[in-house]
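J.: Take a look at this one; I'll ask things after.
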Amino acid sequence: MHAPSPIKRRLSRQIHVGNVAVGGDAPISVQSMTNTNTLDVDATVGQIQQLEKAGADIVRVSVPDMDAAAAFGKIKQRVDVPLVADIHFDYKIALRVAELGVDCLRINPGNIGREDRVRAVVSAARHHGIPIRIGVNAGSLEKDLQKKYGEPTPAALVESAMRHIDHLDRLDFQEFKVSVKASDVFMAVAAYRDLATRIEQPLHLGITEAGGLRSGTVKSSIGLGMLLMDGIGDTIRVSLAADPVEEIKVGFDMLKSLRLRAKGINFIACPSCSRQNFDVISTMNQLEERLEDVMTPLDVSVIGCVVNGPGEAKETDIGLTGGSPANLVYIDGKPASKLRNDHLVDDLEKLIRDKVRQKEQQQENMIARSV
Ligand code: SF4
């Protein structure tokens, strides 16, 4: 029920990672990376499927050597979501995974080495129609740039990126996206802002090695939030020392907060206080867990009393306002029914699922009418 996002996105050139468009007017994609051993095909496939279930648009897999490249080929055959192979140092791995059906190559032309090797990778990417991500990272800047700048700086990150971009430019290859990641929020934000004015290619945003679930979420939200508010960013990866599924959830929550993407339920809940007429925190946690499978966008407010309940309910698809002896449920902003505290979560879940089905049906009818 909320208005569209007021953010005006930087218009970038569009590329495709498998069937996922990145850049241009495509929705900002959310990606993560497996942390299983790539040689363990079953475990890696299992984790990719979990990520896909959580809504991942793209998944990256580390391919450190030729054995991992062979495993990558088997993994690729068993999953649907587009896969990016993360490759360093050995250009032959890039050539191999290109043959095995990779959807994007993440390389650092700087550590792939000689010009002829980069040329071989680019020509394989061109031949197979695969884009490249140039992934610059403050922790692995080229030695000469470290020497020139003394320490990683935004200018050093951008110079490194532009060096790689010029490399691809000389080879007349434009199907790429770029990241300039740093664990320091100020550095990453300044580097991305600068880079965004220099190139037309899509930008992959990330605050690298952001931290654990809570601290990394906060750091990433601040860094990526500033950039996204500027309209910068075409695909995001939240780096957390946590289950990669959490990265996907946090990524979508960020985009939902800025109304850049709608997926699943957007909850509005009060922090609760002594005025609450039902246990807001427990109700909220249970609903969030039970309704994780819902992909249809829906706004739901869960508010403990009449101070803010009716106001919030007017802006949501379903709104619960705590009351005594019963709580009031609003549907589409209008009072609809009363729910008692016993079975509150069960009853509310049912109402939400009914509304989801109704929305899905409306969408199906609209599609049917338009064909
Ligand atoms: S909406 Fe009511 S219960 Fe919730 S925090 Fe405010 S006053 Fe407390």
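The values are calculated or read from the model by the stated rules, or taken from the named source; none is laboratory data. As the structure is a computational prediction, the values presented were derived from the model and not from experiment. Virtual Cβ from ideal backbone geometry, glycine too; neighbours counted across all protein chains shown.
J.: Out of region 341-364, which residues are of a type in the set (Lys, Arg) and modelled with pLDDT under 95? Walk me through how you get there before you give the answer.
T.: Initial filter on region 341-364 (of a type in the set (Lys, Arg)): 350, 353, 355, 357, 359.
Across region 341-364, the qualifying residue is only 359.
J.: List the helices (runs of 4 or more DSSP H) that sit entirely inside region 118-210 and contain at least 1 residues that are touching a strand residue (DSSP E or B) at 6+ places or on another chain (Cβ under 7 Å), under 17 Å from residue 227 (Cα atoms) and at pLDDT 95 or above.
T.: 154-170, 185-198
J.: Let me ask something additional. Keeping to region 299-310, report how many residues are within 16 Å of the ligand (Cβ to nearest atom) and over 11 Å from residue 270 (Cα atoms).
T.: Final tally of qualifying residues: 3.
J.: Another question, if that's okay. How many residues does region 30-49 hold that are out of contact with any Lys or Arg (no Cβ under 7 Å at 6 or more places or on another chain) and in contact (Cβ under 8 Å) with a residue 60 or more places away in the chain? Walk me through how you get there before you give the answer.
T.: Here is the first cut: in region 30-49, the ones out of contact with any Lys or Arg (no Cβ under 7 Å at 6 or more places or on another chain) are 30, 34-40, 42-44, 46-49.
Right, trim to in contact (Cβ under 8 Å) with a residue 60 or more places away in the chain and you get 30, 34-35, 47.
The number of residues fulfilling the criteria is 4.
J.: Can you tell me which condition residue 196 does not meet? The list is (1) within 16 Å of the ligand (Cβ to nearest atom); (2) farther than 30 Å from residue 341 by Cβ; (3) of a type in the set (Gly, Ala, Ser), and all the others hold.
T.: (1)
J.: Which residue, of 296, 283, is in the same structural domain as residue 336 (by TED's automatic domain parsing), more than 16 Å from the ligand (Cβ to nearest atom) and touching a helix residue (DSSP H, G or I) at 6+ places or on another chain (Cβ under 9 Å)?
T.: On inspection, the qualifying residue turns out to be 296.
J.: Exactly one condition in (1) more than 26 Å from the chain's Cα centre (by Cα); (2) in contact (Cβ under 8 Å) with a residue 24 or more places away in the chain is not met by residue 79; state its number.
T.: Here residue 79 clears every test but (1).
J.: Looking at the structure I just gave you, is residue 84 within 18 Å of residue 35 (Cβ to Cβ), surrounded by 19 or more Cβ atoms within 10 Å (Cβ to Cβ) and under 22 Å from the mean Cα position of the chain (by Cα)?
T.: yes
J.: Which of (1) buried (at least 18 other Cβ atoms within 10 Å of the Cβ); (2) small (Gly, Ala, Ser); (3) assigned to a loop (DSSP other than H, G, I, E, B) does residue 319 not meet, given it meets every other one?
T.: Condition not satisfied by residue 319: (3).
J.: Identify the residue in region 225-247 that is surrounded by 20 or more Cβ atoms within 10 Å (Cβ to Cβ) and not hydrophobic (A, V, I, L, M, F, W, C) and, among all such residues, is nearest to residue 49 (Cα to Cα).
T.: It comes out as 244.
J.: A further question follows. Can you run down the residue pairs with Cβ atoms below 7 Å, 6 or more apart or on separate chains, where the first is in region 100-119 and over 18 Å from residue 136 (Cβ atoms) and the partner is of a type in the set (Val, Ile, Thr)?
T.: Correct list of pairs: 102/130; 103/17; 103/84; 103/130.
J.: A follow-up question, please. Might you let me know whether region 21-30 holds any residue that is touching a strand residue (DSSP E or B) at 6+ places or on another chain (Cβ under 7 Å), of a type in the set (D, E, K, R) and assigned by TED's automatic domain parsing to the domain that holds residue 200?
T.: No, the conditions are met nowhere in region 21-30.
J.: Further question: Where residues in region 264-274 are more than 20 Å from residue 342 (Cβ to Cβ) and in a loop (DSSP other than H, G, I, E, B), which of them is farthest from the ligand (Cβ to nearest atom)?
T.: Applying the filter and picking the extreme gives 264.
J.: Collect the residues in region 278-309 that are of a type outside the set (A, V, I, L, M, F, W, C), free of Cβ contacts under 8 Å to residues at least 60 places away in the same chain and surrounded by 18 or more Cβ atoms within 10 Å (Cβ to Cβ), keeping them in residue-number order.
T.: 301, 304, 309
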